[in-house]
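Comments concern the structure below.
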């Protein structure tokens with residue numbers, strides 16, 4: 001606009017040219033709109049009401065309460081949560097390739113502008129879903145609005161920059177004022193995929209009397225008879241009529257049910273793989289956790305962080321939500337060996353019906369780890385997250401190769 005105005009002023013008849021009039025009119029409108037937006041004032045406060053958890057790929061809605069702290073009304077303003085840093089990590093920039101990027105000319109491939117643009121569009125821990133509707137508050141009034149965002153990465157999502165947008169009446173400029181810099185957090189669980197019907201074996205078995213690993217709640221199993229009360233028996237099992245008849249405490253005895261116990265082993269190593277493959281491995285593990293039968297089995301999640309760790313969920317032990325929270329916080333490791341993970345799995349092998357192993361890549365070290373587990377006689381179903389098609393190796397026979405770009409498709413193949 002400045003160049004256009006200068007050319008008109010230097011080369012046109014100011015007294016007769018309609019272009020000069022239009023240029024000065026537009027310039028005046030821009031000046032008025034800019035000054036109006038620049039001078040807009042608002043004393044606003046706000047606070048968020050966030051859910052405890054969200055999930056990657058699922059829209060997260062939360063409530064923001066906003067209040068006009070001033071005496072004068074604030075008309076036509078909007079709320080927007082400032083977005084997360086969308087710049088790619090060093091590993092993403094070095095290893096990820098833009099789809100169709102090989103068809104670009106040598107200049108675009110060398111300076112990587114379009115690849116950088118693609119990476120920034122897919123990056124960031126979350127993406128805002130737009131601003132709120134138009135708001136208007138008189139002095140001292142408060143209201144609640146709903147904002148939404150789309151989580152892109154698991155882990156702790158932090159929100160710390162809520163802003164009010166104050167546009168001018170013409171909508172050409174707007175002033176953005178920081179309202180809420182207090183940090184709020186919400187835990188984002190991993191993305192989950194649909195799984196085919198899996199038969200890992202291990203139907204429930206009955207175990208009568210003695211010490212048992214049963215996790216049944218209450219009076220499960222079939223009624224067997226009555227017996228004398230023993231220290232430690234639940235009061236809920238007392239047979240009151242028999243006690244009244246005999247004068248001695250009598251309890252009901254039931255058959256106990258033993259439920260199958262499955263292992264879910266997660267490979268958290270970044271060696272010869274990288275964070276992208278690890279993220280997809282965690283998503284596959286989360287898919288198994290979310291689809292487990294909470295009422296008829298136990299599930300042991302095993303992995304190595306700094307030390308070997310195991311978390312158990314299922315009937316009578318803990319909710320599977322706890323395992324999802326654990327997976328949301330898992331971090332990869334560049335060092336260490338698979339010996340400690342193998343020892344952890346073998347320690348529980350005698351109690352497990354079957355085991356699901358999710359590997360975040362393929363290498364000689366992972367192959368050796370798998371062979372040693374197989375030699376123990378444990379029934380194992382193995383999923384390998386890989387880049388591209390599976391290599392032609394005999395060691396991969398019987399394994400499920402999942403291309404990290406087509407995970408859902410390959411998982412449904414069984």
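The values are calculated or read from the model by the stated rules, or taken from the named source; none is laboratory data. Because the structure is a prediction, the values reported are computed rather than measured. Note: ideal-geometry Cβ built from the backbone for every residue, glycine included; neighbour counts use all protein chains shown.
Kindly indicate which of 187, 166, 170, 119 is in a loop (DSSP other than H, G, I, E, B), in contact with a helix residue (DSSP H, G or I) (Cβ under 9 Å, 6 or more places away or on another chain) and surrounded by 11 or more Cβ atoms within 10 Å (Cβ to Cβ).
On the way: 187 fails: in a loop (DSSP other than H, G, I, E, B); 166 fails: in a loop (DSSP other than H, G, I, E, B); 119 fails: in a loop (DSSP other than H, G, I, E, B).
Of the residues listed, the single one that is in a loop (DSSP other than H, G, I, E, B), in contact with a helix residue (DSSP H, G or I) (Cβ under 9 Å, 6 or more places away or on another chain) and surrounded by 11 or more Cβ atoms within 10 Å (Cβ to Cβ) is 170.
Here are some conditions: (1) more than 20 Å from residue 278 (Cα to Cα); (2) assigned to a helix (DSSP H, G or I); (3) out of contact with any helix residue (DSSP H, G or I) (no Cβ under 8 Å at 6 or more places or on another chain). Residue 373 meets all but one. Which one does it not meet?
Evaluating residue 373 over (1) more than 20 Å from residue 278 (Cα to Cα); (2) assigned to a helix (DSSP H, G or I); (3) out of contact with any helix residue (DSSP H, G or I) (no Cβ under 8 Å at 6 or more places or on another chain) leaves (3) as the failure.
All but one of (1) in the same structural domain as residue 79 (by TED's automatic domain parsing); (2) part of a loop (DSSP other than H, G, I, E, B); (3) within 30 Å of the chain's Cα centre (by Cα) hold for residue 140; state the number of the condition that does not hold.
(3)
Against the condition free of Cβ contacts under 8 Å to residues at least 60 places away in the same chain, outside the structural domain of residue 174 (by TED's automatic domain parsing) and surrounded by fewer than 18 Cβ atoms within 10 Å (Cβ to Cβ), how does residue 100 come out, does it pass?
Numbers: free of Cβ contacts under 8 Å to residues at least 60 places away in the same chain: yes; outside the structural domain of residue 174 (by TED's automatic domain parsing): yes; surrounded by fewer than 18 Cβ atoms within 10 Å (Cβ to Cβ): yes.
Considered against the rule, which asks whether it is free of Cβ contacts under 8 Å to residues at least 60 places away in the same chain, outside the structural domain of residue 174 (by TED's automatic domain parsing) and surrounded by fewer than 18 Cβ atoms within 10 Å (Cβ to Cβ), residue 100 comes out as yes.
Which of the residues that make up the range 376-414 are surrounded by fewer than 16 Cβ atoms within 10 Å (Cβ to Cβ), within 24 Å of the chain's Cα centre (by Cα) and in a helix (DSSP H, G or I)?
408, 409, 412
Would you mind stating whether residue 21 is assigned to a helix (DSSP H, G or I) and at pLDDT 90 or above?
On the way: assigned to a helix (DSSP H, G or I): yes; at pLDDT 90 or above: no.
Taking the combined requirement at face value, the residue does not satisfy it.
Out of curiosity, is residue 331 assigned to a loop (DSSP other than H, G, I, E, B), under 21 Å from the mean Cα position of the chain (by Cα) and in contact (Cβ under 8 Å) with a residue 24 or more places away in the chain? Talk me through it step by step, then tell me what you get.
Working: assigned to a loop (DSSP other than H, G, I, E, B): yes; under 21 Å from the mean Cα position of the chain (by Cα): yes; in contact (Cβ under 8 Å) with a residue 24 or more places away in the chain: yes.
So residue 331 passes the test.
Is the range 75-94 home to any residue that is more than 30 Å from residue 183 (Cβ to Cβ) and part of a helix (DSSP H, G or I)?
Scanning the range 75-94, I find at least one residue that is more than 30 Å from residue 183 (Cβ to Cβ) and part of a helix (DSSP H, G or I), so the answer is yes.
Just checking, which of 221, 202, 210, 232 is at pLDDT 60 or above and at positive phi?
Working: 221 fails: at pLDDT 60 or above; 202 fails: at pLDDT 60 or above; 210 fails: at pLDDT 60 or above.
Residue meeting the stated conditions: 232.
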